[in-house]
Structure formats: structure tokens, C-alpha cells
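Each remark here refers to the structure printed beneath this line.
The values are calculated or read from the model by the stated rules, or taken from the named source; none is laboratory data. The structure presented is a predicted model; accordingly, all values stated were derived computationally and were not measured. In this analysis, Cβ positions are derived from the backbone assuming ideal geometry, glycine residues included, and neighbour counts consider all displayed protein chains.
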Amino acid sequence: MSVKHVHVAVGVVWRQGRVLIARRPDHLHQGGLLEFPGGKVEAGESVQQALVRELLEETGVQVALEQLQPLIQVRHDYGDKQVLLDVWQTASSKGEPVGHEGQPVFWLAPEALEDAQFPAANRAIIRALRLSDHLAITGAFSDREALLARVNRLIAERRPAQLLFRAPWLSPQAYKDCAAQLLEVCRLADTKLLLHGDPAPLLVLPAAGIHLPWRVASALSGRPANLAGWLGVSCHSQQELEQAVALGADYVTLGPVAPTASHPGAAPMGWQAFRALAVTAPVPVYALGGLGPADIATARRQGAQGVAGIRGWWPEI
């Protein structure tokens with residue numbers, strides 16, 4: 001029996017920090033669940049054209065083709081059919097939404113979107129909405145005072161939404177001591193701090209999540225118990241991406257995309273290989289390796305959530 005392939009255009013329409021949500025009619029497949037508006041891409045349509053049409057037909061909301069930006073692609077296998085959710089977003093739209101098919105439509109903040117209220121395939125979209133398009137990573141530092149000074153300067157100049165504290169050379173206790181101080185700095189700046197390393201000793205700290213280096217992730221068989229925040233994993237290949245997804249990762253980093261001084265022996269994969277891997281991952285993927293803030297737009301066009309890196313945020317390192 002041949003498997004049906006369905007290409008679906010999905011829209012994330014932003015207004016005043018909230019996104020447009022619809023509730024599926026009860027008589028449809030997965031009726032009663034919430035969803036992002038959109039519909040099937042018809043023959044001869046681009047995904048953007050399909051999305052403009054579907055938004056207008058379903059909700060009366062008008063968006064312009066040139067205002068749509070790629071967010072994420074999610075592939076989901078329902079057994080009898082395989083669905084590609086091609087997700088685009090816009091912060092520019094006209095018209096008050098109305099459920100033209102009898103479905104309730106309303107605006108919700110990303111923080112109010114709960115996995116259990118959406119089809120499984122939509123859950124990666126929720127993560128992509130909550131994550132920033134950049135993940136700054138701390139680099140080498142001489143002592144705690146230098147680290148704190150650098151982070152304070154970064155916060156003052158760039159106001160990063162997320163910061164990953166990476167310092168594998170520190171002892172577990174020294175790392176926890178530094179992390180405790182960084183948590184207070186980041187809390188005051190509303191920057192989400194992610195910790196890096198073995199999750200067991202780090203779960204006692206009130207961080208936004210934990211990022212696993214591949215050496216740690218490869219030894220795990222499931223998501224760390226009692227982890228309430230984000231779970232990230234460093235990946236470098238298709239096999240590692242699949243393992244990260246199996247662990248329940250909320251996002252991954254993938255690279256190196258370009259040559260990087262922090263890993264001089266690692267061969268860069270380039271954008272073509274990055275895209276080939278990123279578009280298969282059902283989780284947001286950050287491009288990593290030799291990249292900085294100036295590369296975010298390119299990364300988004302190549303299927304990434306955004307860019308993660310060290311020297312792009314701290315050129316002096």
C-alpha cells in the first residue's frame with residue numbers, strides 16, 4: 001500500500017506578543033484539539049501562496065507574501081499518511097479573525113500553549129515559538145570575576161534572550177558556584193540561563209534548562225528525570241540527531257557549519273549538509289560553528305531556528 005504524502009502550509013500570526021490559534025471542529029480528525037491555522041498546499045501553489053489563501057479562507061486574516069518568514073518544518077508519520085508541516089510566521093496582518101468554518105479562533109501567548117492541547121506534530125512548533133533565534137554561549141575565561149564582567153557586558157549591549165554557560169574545564173563544584181552567580185545576573189536581566197554538562201548535579205539549580213554535550217547524551221536512554229525546563233543536545237550527524245529526539249530534546253545544536261577556533265580539528269559541514277539534516281529534525285535546530293548574529297537570517301533560510309555560538313557574541317575571545 002502506498003503512503004500518502006501531504007504538504008501543509010501552517011501559519012503563525014503574531015499580534016501584541018500573542019499568536020492566532022484555532023480549535024479543530026469535533027467531527028474532524030483530532031477534533032477538539034488546538035492548532036495553528038493553515039491547510040494543504042494545492043498543485044501549482046507555493047507554500048506561501050497556500051498559506052495566504054488558507055488564512056483568508058479560514059479566518060479572514062490577510063497577510064502579504066513578502067511578510068512571511070520561515071519558522072520550522074515538521075515531518076510526522078501517521079501510518080497511513082506522512083505529513084510535512086511547513087511553518088511560516090508573520091507579525092504583519094490585517095483583519096479581525098473569524099472562524100469561517102465554525103471553529104473558535106483566538107489569540108494566545110506562547111507561554112500559554114500546552115502540548116497536550118495540540119496534535120503531536122504541532123509540539124515542535126510550540127518549542128520554536130518559545131525559543132529565541134540566538135543562543136549565546138560563554139567561552140573561555142580566566143576567573144569568575146572575568147566571566148561575570150563579560151556576561152554583564154553582553155547583557156548591557158545585546159540583551160540576549162538565552163545564554164548557555166559552558167565551562168567543561170571547571171570542577172563540578174566550581175561550575176555550580178559560577179552558575180549560581182550567573183543565575184542571579186540573568187534573572188535580573190530576564191535572560192534564560194541554560195546549564196551545560198551532566199544533568200544529575202545540575203538539577204538542583206533553578207536554571208531554564210540543561211544542554212547535554214554529545215558524550216553525555218550518548219550514554220542516556222531517556223529524558224533526565226525531574227527536568228522541568230529545556231533539554232538541549234549537541235549534535236553533529238543524523239545518528240546523533242535521532243538519538244537527541246529519542247531522548248525528548250526540545251532543541252539541538254548542529255555543526256560545525258563553518259571553521260571554528262574552538263574546535264579546530266572538526267571538519268565544517270557547510271550550509272548544504274546542514275540544511276539536509278536540519279529539515280529532517282522534528283525539533284528546532286541551532287546552527288553552530290564559526291557563526292554569529294550576522295548569520296541568523298542565513299541560518300533561518302537554511303531551516304535553522306537560529307544561530308548558537310561563542311565568538312560571534314564575544315569577538316575578543
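Figures for the structure shown
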quantity: Positions within the stretch 79-108 being farther than 15 Å from VAL12 by Cβ, exposed (fewer than 15 other Cβ atoms within 10 Å of the Cβ) and not acidic (Asp, Glu), in sequence order; calculated: GLY79, LYS81, GLN82, LYS94, GLY95, VAL98, HIS100, GLY102, PRO104
quantity: Flag for ARG53 being under 18 Å from the mean Cα position of the chain (by Cα), basic (Lys, Arg) and in a helix (DSSP H, G or I); calculated: no
quantity: Total residues in the stretch 109-139, condition surrounded by 20 or more Cβ atoms within 10 Å (Cβ to Cβ), small (Gly, Ala, Ser) and assigned to a helix (DSSP H, G or I); calculated: 3
quantity: Every residue from the stretch 264-317 that is in the same structural domain as ASP250 (by TED's automatic domain parsing) and of a type in the set (Asp, Glu); calculated: ASP295
quantity: All positions within the stretch 263-304 that are touching a helix residue (DSSP H, G or I) at 6+ places or on another chain (Cβ under 6 Å) and in contact (Cβ under 8 Å) with a residue 60 or more places away in the chain; calculated: PRO282, VAL283, PRO284, GLY303
quantity: Any hit, the stretch 181-204, residues being within 24 Å of ASP250 (Cα to Cα), buried (at least 20 other Cβ atoms within 10 Å of the Cβ), out of contact with any strand residue (DSSP E or B) (no Cβ under 6 Å at 6 or more places or on another chain) and modelled with pLDDT of 95 or more; calculated: yes
quantity: Close pairs (7 angstrom Cβ cut-off, 6 or more residues apart or separate chains): more than 17 Å from VAL6 (Cβ to Cβ) in the stretch 30-42, among the β-branched types (Val, Ile, Thr) and buried (at least 19 other Cβ atoms within 10 Å of the Cβ) anywhere; calculated: LEU34/ILE21
quantity: When residues of the stretch 213-234 are limited to those that are without any contact (Cβ under 8 Å) to a residue 24 or more places away in the chain and under 13 Å from VAL252 (Cβ atoms), the one surrounded by the most Cβ atoms within 10 Å (Cβ to Cβ); calculated: VAL233
quantity: Pairs with Cβ under 7 Å, 6+ apart, first in the stretch 156-179 and over 17 Å from LEU212 (Cβ atoms), second surrounded by 13 or more Cβ atoms within 10 Å (Cβ to Cβ) and of a type in the set (S, T, N, Q); calculated: PRO160/THR191; ALA161/SER132; ALA161/THR191
quantity: Sole exception among (1) modelled with pLDDT of 95 or more; (2) in a loop (DSSP other than H, G, I, E, B) for ALA228, by number; calculated: (1)
quantity: Test: residue in the stretch 281-291 that is over 12 Å from the mean Cα position of the chain (by Cα), assigned to a loop (DSSP other than H, G, I, E, B) and over 20 Å from LEU164 (Cβ atoms); calculated: no
quantity: Index of the failed condition, PRO160 passing every other in (1) touching a Leu at 6+ places or on another chain (Cβ under 8 Å); (2) of a type outside the set (Asp, Glu); (3) outside the structural domain of TYR286 (by TED's automatic domain parsing); calculated: (3)
quantity: Any hit, the stretch 24-39, residues being part of a helix (DSSP H, G or I), more than 19 Å from ALA124 (Cβ to Cβ) and not hydroxyl-bearing (Ser, Thr, Tyr); calculated: no
quantity: Residue pairs meeting the criteria (Cβ under 6 Å; at least 6 apart or on separate chains; first among the aromatic types (Phe, Trp, Tyr), in the stretch 120-146; second not in a loop (DSSP other than H, G, I, E, B)); calculated: PHE141/LEU147
quantity: Counted residues, the stretch 1-23 - those being of a type outside the set (Phe, Trp, Tyr), outside any loop (DSSP other than H, G, I, E, B) and surrounded by fewer than 18 Cβ atoms within 10 Å (Cβ to Cβ); calculated: 7
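Listed here are the residues, each with its yes/no results for (1) under 20 Å from LEU129 (Cα atoms); (2) of a type in the set (Phe, Trp, Tyr); (3) at pLDDT 95 or above; (4) touching a strand residue (DSSP E or B) at 6+ places or on another chain (Cβ under 8 Å).
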| residue | (1), (2), (3), (4) |
| --- | --- |
| ALA249 | yes, no, yes, yes |
| VAL252 | yes, no, yes, yes |
| ALA258 | no, no, no, no |
| ALA273 | no, no, yes, no |
| THR280 | yes, no, no, yes |
| TYR286 | yes, yes, yes, yes |
| ALA294 | no, no, no, no |
| ARG300 | yes, no, no, yes |
| TRP313 | no, yes, no, yes |
